[in-house]
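Down below is the structure, laid out as structure tokens.
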Amino acid sequence: ARHLLSRDGHNILLDCGLYQGRRKDTWDRNRYFHFEPSRVDAVLLSHAHIDHSGNLPNLVRQGFAGPIWATMATTDLARVMLRDSAFIQEKDAEWLNKPTQRRRHPGIRTIEPLYSMEDAEQAIKQLRGMEYHKQFEVLPGLDVTFYDAGHILGAAAVIMDIQRGDQRKRLAFSGDIGRAGLPLLRSPEIPYNVDWLIMESTYGARTHDPIGDAKEELRQTIVDAVERGGKIVMPSFSVERTQEIVYFLNELYNEGHLPQIPIYVDSPLAIDVTAIFRQHEECYNDATKNTLRTNGDIFGFQRLSYVRDVQQSMQLNAIKTPCLIISASGMCEAGRVVHHLRNSVGDSKNTIVFVGYQAENTLGRKLVERQKEVNILGEPHEVHANIVTLNAFSGHADKNDLFEYARTVKEASPNLKRVFLVHGEEEGLSALKQRFTTELGLSVTIPSLGERIALEEMNG
């Protein structure tokens, strides 16, 4: 996600994420910008997920020196996320440059990391935290307010009030929209009096199972997997999804409904993120606050172990009895989960459980599609493990939630001129455009990469 707003010689960037997918497709798309980074005045960051924040160090590396505005929780999360991403960038380049890899791919050039830890640290220095609902000036004539997006801890819709002469216009950027009734967090807030809406469409053509079914589906999946006699590997995003899973596991444990198996959260990043969750109770919904008062620790119970040490992580691969390993990254493109998958996908007793969105061309997507053979760390592996997808856990609004979001924004915005649908695959973008146009009577545009659109033409 990356959207550039230009006005009177100033430039504001909405998000600066890493594109994820096949290495050959992502390299140029992530390395090169369609604009000059040094001419960007400020970044408005909706949330800390890497597909929204992960290219900030590269932006800084290429000359961006302005502030990066986000909510307080997002700035805390971004610090650990960007350091982790820089570590992965450096290690990935180091691995690809090994003599064994160069012999396997003789034509490959020396790989430089997209950015370094030094770049990430500089980007972190430019982070500026702001509370929800507190308006602040980014540039003269441009005031910004963060609304709760309900997607992950600290996620925000970015509301921009633009003064032009004696007119004041409002541009809203939805960021990633969450779902009502999710554990831990508040439901998404609806912006009002909006003139233009930039809106995500990740699940524009899909529906989720009801969130109320999530805990029981998780319990039943674990029970079934234990009966098969193998391990359960759960690729999970370190931010939000891991904490949601642990929250439900905690409840199942306290209710006596959890099978007697060890559970490991094998992700240093998830451990750091969980510590940040503990610091930001202001983002919790009322139910979670009540549980916290009675339970004391919503992210810990007797059979749960957090694994930070590399050697201990490697030892998990030697376990032959049933256990649950929750590990990052969520789309299986990097991190410790890749090694767990390499050691698990070939055994029919094992179960791979997906609890989040898998982008096109990622290893996670290929497994969800039940491809018979996948490449893991450059080597082919036959897939015999049981593949399970729990759709109820998505932190993204589905097609019906997105429709309702647009409907309520329109209801609260009598002057809404146009909706720009972004951050989605072609099927979802097209499906939403059709529904918004025919059922809501909205004017809808799907911008293409690099396209320029003048909002002044739509003042009408």
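Since every read-out is calculated from the coordinates, none of them should be taken as a lab result. Just so you know, these numbers come straight off a predicted model, no measurement behind them. Cβ: placed from backbone, ideal geometry, glycine included. Neighbour counts: every protein chain shown.
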Taking the simple approach of a point 7 Å from Cα along Cα-to-Cβ for both residue 434 and residue 359, what is their distance in nm?
2.6
Set of region 205-220 residues, backbone N closer than 20 Å to the point 7 Å along the Cα-Cβ line of residue 253:
214-220
Compute the distance in nm between two label points, each set 7 Å from the Cα along the Cα-to-Cβ direction, one at residue 134 and one at residue 36.
3.5
Want the number for residue 180 to residue 349: 0.36 nm per residue separation, take away the alpha-carbon distance, what's left?
57.3 nm
With the Cα gyration tensor of region 152-309 giving a ≥ b ≥ c as the square roots of its eigenvalues, does the rule (a/c under 1.5 for rounded; else a/b larger than b/c for prolate; else oblate) give rounded, prolate or oblate?
prolate
Taking the Cα centre of the chain as origin, sum charge times position over the Cβ atoms of Lys and Arg (+1) and Asp and Glu (-1), and report the length of that vector in debye to the nearest 20.
1020
Which entries in 215/372; 169/433; 215/366; 410/433; 320/349 show an alpha-carbon gap greater than 19 Å?
215/372; 169/433; 215/366
Mind checking which of 362, 415, 332 is farthest towards the positive end of region 318-460's charge dipole, using Cβ charges of +1 (Lys, Arg) and -1 (Asp, Glu) about the Cα centre?
332
With r as the distance between the Cβ atoms of residue 94 and residue 285 and R0 = 51 Å, compute the FRET efficiency 1/(1 + (r/R0)^6) and round to 0.05.
0.75
Under the classification rounded if a/c is under 1.5, otherwise prolate if a/b is larger than b/c and oblate if not, where does region 211-393 fall, given a ≥ b ≥ c as square roots of the Cα gyration tensor eigenvalues?
prolate
Nearest-20 debye value, region 211-393 charge dipole, Cβ charges on Lys, Arg, Asp, Glu:
420
How far apart, in nanometres, would the label points at residue 110 and residue 443 be if each is projected 7 angstrom from Cα along the Cα-to-Cβ direction?
5.3
May I ask you to list the residues of region 335-353 whose amide nitrogen lies under 15 Å from a point 7 Å from Cα along the Cα→beta-carbon direction of residue 224?
349-353
Ignoring everything except DSSP H segments at least 4 long, calculate the 222 nm mean residue ellipticity for the chain; use -39,500 (n - 2.57) per segment, divide by total residues, nearest 500.
-10500 deg cm²/dmol
